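Have a look at the structure below, then the notes.
The values are calculated or read from the model by the stated rules, or taken from the named source; none is laboratory data. Remember, predicted model here, so these are calculated numbers, not experimental data. In this analysis, Cβ positions are derived from the backbone assuming ideal geometry, glycine residues included, and neighbour counts consider all displayed protein chains.
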Amino acid sequence: MISSQHNISSLSRADATLARVTGSIALAVAVLLGLVLMLLVKESWPVLAGGGWTRFFAGEGWFPAGGQFNLLAMLWATLACSAGALFIAVPLGVSSAVFSRFYSPNWLVMPLRRIMVLLAGIPSVVYGLWGLTVLVPLVARWEPPGASLLSAILILALMILPTVALTSEAALAAVPASNLQGAAALGLSRKGIVLGVALPAARIGILTGALLAAMRALGETMAVLMVAGNVVQTPASLFDPVRVLTANIALEMPYATGDHRAALFASSLLLMLIVTMLAWLAGRGGAHANV
Amino acid sequence: MKNIEVLFYRSSFRFVMIALIAASLIGTASAAGQKIVLTGSSTIAPLALEIGKRFEKLNPGVRVDVQSGGSTRGVNDARAGLADIGMASRALKPEESDLMAHRIAIDGIGIILHRKNPVQALSDEQIKEIYTGKITNWQQLGGEDRKITVVNKAEGRSTLELFLHHFQLRNSDIHAHVVIGDNQQGIKTVAGNAGAIGYVSIGTAEYEEAHGTPIHLLPMAGVPATVANVRDGRFPLSRPLNLISKGAPSGMAKRFIEFAQSAAVDDLVTAQYFVPLAR
């Protein structure tokens, strides 16, 4: 991978120009990310400075008007929503990828992939509207109020399913055909090939896809805001309404001032840290896959 | 000879420059004199901002600066002269008689239930007990055996403020099952849950109810929740939105207040879910 760069001994002039242009664009993206981080730190500084950050993990709860900024309940809710969505979407996504690579008739492969791409492209507010008018009333009939952790998990699972399915399919496609043919030559059944050869070989690619999906789930705002109920509490059951960090920011930012506003920026910083960690993990996974 | 010519050109150039700078200074000075500062209620601020934009378009060179900070700030700033116009989402108190209130719109909220819910009226006390979690089933209020889903607004919304103020509640006393952002989300939440109770701006709810959304507005203290009753000041769960001036307004402030009270901004008032004035 890396050594291929050094095979080109000298760049032509056109190449040099292109290198400068693309290089500066890449740099601009990095600078932009740095500026976003700086803004988040600067705006949240009033509450972070002087040990004020401990307020995010102590106190009675989230009562910004009373100066109480305990984020823990919303942090747990955020993690529970994403974990639950992964729990549903990963098995389904991987199964759908296995089907389209190993069992599906040829004519069905492309339509299936198109549908997945389409699902991935639906705006989140559309998912949210559907959730609010169809899913939430359905859950409410079962156990009111309906707007709950469960609804949020189901909506998120639907939203990240295409990511998981498409990345898993790509990972399975990258398994060398010789491995599969070798396994077939040894007399393994198709089930044996899938479970014993293809999935283990593709596992790092699948894992990376799942991490990318987790990042999307953590950052999703609009759809969750519409179906989760937005009550600040640590979820004790699937039917409890919860408020995730992103929804909190969207709900309160237009009206927040002073420390309240700074606390919202600090919660964005926290989200950014979690996502950065996941991205780093995904990057490590990707590096291993290429070895 | 040449030197003199050069000198002449130079000095005339300098003169032109000075004249230009002076003109631009005078220009900015007069534009700065055309600035209207409004401070106060965060309920009115978004509306004042929209009215300000339209006012600026109609009066080139005028700038309208809107800052929120609560009705109390609006009253204090208008009195101290820190703002040309204050904004207060309440009537003036007797001790504030040195100021003048100019009503620009009325804010009214209505309690909504699902259309299938047979409960037709609730007293203030009952609503209070529902929102504080003392009553949890519609059966206790003569309805069907169904759990009550309490729909509340997110912190900072003006509807929440008016609701809390009317029922003398604190937000931390409320046991909500769903917290919503805007009116539409509230209406969809109640429309999708037969046991839900919520409160939203009357204008939106009346429109949705008339267009087939399965909700119904409850009367308050026997007064039906309609835009007309809010406009007449008969509906209890409502409040005036006022611009405040110290004494009779004059100059640009007077023109702005007259513009904000005119029919030319009714569409802006309605777009913010407030009720325009009766004229």
Exercise. Can you tell me which residues in region B:53-68 are buried (at least 18 other Cβ atoms within 10 Å of the Cβ), more than 17 Å from B:SER250 (Cα to Cα) and modelled with pLDDT of 90 or more?
Worked result: B:VAL66
Exercise. Quick one: would you say B:GLY186 is more than 7 Å from every other protein chain (Cβ to nearest Cβ), in a strand (DSSP E or B) and within 21 Å of B:PRO219 (Cβ to Cβ)?
Worked result: no
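With within 21 Å of A:VAL194 (Cα to Cα), touching a residue at least 60 places away in the same chain (Cβ under 8 Å) and among the small types (Gly, Ala, Ser) as the only criterion, which of A:ALA89, A:ALA80, A:ALA85, A:ALA73 stands out? Quick ask: steps written out before the conclusion?
Working: A:ALA80 fails: within 21 Å of A:VAL194 (Cα to Cα); A:ALA85 fails: within 21 Å of A:VAL194 (Cα to Cα); A:ALA73 fails: within 21 Å of A:VAL194 (Cα to Cα).
The match here is A:ALA89.
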For this session: Quick one: which residue in B:LEU217, B:LEU241, B:LEU277, B:LEU237 is more than 19 Å from the chain's Cα centre (by Cα) and either more than 20 Å from B:GLU56 (Cβ to Cβ) or at pLDDT 95 or above (or both)?
Result: B:LEU217
Seminar exercise, completed: Flagged in region B:69-83 as under 15 Å from B:ASN242 (Cβ atoms), surrounded by fewer than 24 Cβ atoms within 10 Å (Cβ to Cβ) and touching a helix residue (DSSP H, G or I) at 6+ places or on another chain (Cβ under 9 Å), in numbering order, are B:ARG79
Exercise. What is the residue count in region B:154-168 for residues that are at pLDDT below 85 and over 14 Å from the mean Cα position of the chain (by Cα)?
Worked result: 1
Seminar exercise, completed: Across (1) within 21 Å of A:LEU245 (Cα to Cα); (2) loosely packed, with under 11 Cβ neighbours inside 10 Å, A:VAL21 clears everything bar (1)
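Between B:ILE215, B:ILE197, B:ILE202, B:ILE257, which is among the β-branched types (Val, Ile, Thr), over 20 Å from B:GLN120 (Cα atoms) and surrounded by 20 or more Cβ atoms within 10 Å (Cβ to Cβ)?
On the way: B:ILE215 fails: over 20 Å from B:GLN120 (Cα atoms); B:ILE197 fails: over 20 Å from B:GLN120 (Cα atoms); B:ILE202 fails: over 20 Å from B:GLN120 (Cα atoms).
When all the criteria are applied, what remains is B:ILE257.
So which residues in region B:33-68 are among the small types (Gly, Ala, Ser) and either at positive phi or in a strand (DSSP E or B) (or both)? Spell out the reasoning first.
Narrowing region B:33-68 to residues among the small types (Gly, Ala, Ser): B:33, B:40-42, B:45, B:48, B:52, B:61, B:68.
Selection gives B:GLY40, B:GLY61, B:SER68.
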Seminar exercise, completed: Scanning region A:241-259 residue by residue, the ones that are facing another protein chain (nearest Cβ under 9 Å), assigned to a loop (DSSP other than H, G, I, E, B) and touching a helix residue (DSSP H, G or I) at 6+ places or on another chain (Cβ under 7 Å) total 2
Exercise. Do we have any residue at all in region B:227-236 that's touching a residue at least 40 places away in the same chain (Cβ under 8 Å), assigned to a loop (DSSP other than H, G, I, E, B) and within 14 Å of chain A (Cβ to nearest Cβ)?
Worked result: no
Problem set entry | Selection from region B:189-203 of residues that are over 17 Å from A:LEU225 (Cβ atoms), assigned to a helix (DSSP H, G or I) and either facing another protein chain (nearest Cβ under 7 Å) or touching a Phe, Trp or Tyr at 6+ places or on another chain (Cβ under 8 Å) (or both) | B:ILE202, B:GLY203
Problem set entry | When residues of region B:123-157 are limited to those that are in contact with a Pro (Cβ under 9 Å, 6 or more places away or on another chain) and touching a residue at least 60 places away in the same chain (Cβ under 8 Å), the one nearest to the other protein chains (Cβ to nearest Cβ) | B:GLY156
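Which of the helices (runs of 4 or more DSSP H) found entirely inside region A:67-162 contain at least 1 residues meeting this: more than 14 Å from every other protein chain (Cβ to nearest Cβ) and closer than 30 Å to A:VAL175 by Cβ?
A:72-98, A:106-121
Per-residue answers, yes or no, for (1) part of a helix (DSSP H, G or I); (2) in contact (Cβ under 8 Å) with a residue 24 or more places away in the chain; (3) out of contact with any helix residue (DSSP H, G or I) (no Cβ under 9 Å at 6 or more places or on another chain):
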position	(1), (2), (3)
B:LEU243	no, yes, no
B:PRO249	no, yes, no
B:VAL265	yes, yes, no
B:VAL269	yes, yes, no
B:ARG279	no, no, no
